[in-house]
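> Below is one structure. I have some questions about it.
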Amino acid sequence: MNASAPKDILRSYLQNARDALLWKLDGLSEYDIRRPLTPTGTNLLGLVKHVASVELGYLGDTFGRPSGEALPWVAEGAEANADMWATPEESREQIVGLYRRAWAHADATLDALELDTVGRVPWWPAGRDEVTLLHAVVRVTGDTHRHAGHADILRELIDGAVGMNQANTSVPPGDAAYWADHRERLERAAVAAGKKHGG
């Protein structure tokens, strides 16, 4: 890898987000990776399913490079948000496997085309559907990092695990008592600010 080559830089940032997102599934039960933890149903395995679909669309179909993967959850007439959760019939292995194949397909697109190659996003309005490969890769990378952040919060709610990976939590050291005290201090600060600033 050439650390200064634009494609290598793009691939590195995208791969970091991919790895962080998948790490959030490690060691969790089938229930925990699927259970909805927000009012809109956000869940870990659903995030992986979603980003796999995003990569295959933006870094495949958009550039005339269909993957051949069946994605019934994004087909016309599919249930809204069907790409954001896993049915009981869809296994962890299926969805993670799909995501890894999406990586390979997206990386092959990045290898095959120049960054200024223009594609057409099939689900964008006609006349406003053109996008360069550079734009598409940056968009997918941003989307993946955003969802890795969602996954980080979901995983912390499940069992307290935080960070990009086991070797890099990006969080200062502290035991449960430290974090309980820290959280309580933040709560007090929020209450005081609400009183001081009227809300």
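The values are calculated or read from the model by the stated rules, or taken from the named source; none is laboratory data. Please read all numbers here as calculations on a predicted model, not as lab measurements. Counting neighbours? That spans all protein chains shown, and the Cβs are built from the backbone with ideal geometry, glycine included. To get the accessible areas, we keep the full protein, side chains included, count just its heavy atoms, and leave off ligands, DNA and RNA. Shrake-Rupley method; radii C 1.70, N 1.55, O 1.52, S 1.80 Å.
> Please specify each residue of the range 76-121 satisfying the condition of being farther than 21 Å from Ala17 by Cβ and touching a Pro at 6+ places or on another chain (Cβ under 9 Å).
Matches in the range 76-121: Ala78, Ala82.
> Sticking with this structure for a sec: How many residues does the range 7-58 contain that are part of a loop (DSSP other than H, G, I, E, B), under 11 Å from Ala151 (Cβ atoms) and open to solvent by 20 Å² or more (accessible area, probe 1.4 Å)?
The qualifying residues number 2.
> Please go through the range 156-184 and pick out each residue that is among the aromatic types (Phe, Trp, Tyr) and either modelled with pLDDT of 85 or more or open to solvent by less than 60 Å² (accessible area, probe 1.4 Å) (or both).
The one that is among the aromatic types (Phe, Trp, Tyr) and either modelled with pLDDT of 85 or more or open to solvent by less than 60 Å² (accessible area, probe 1.4 Å) (or both): Tyr178.
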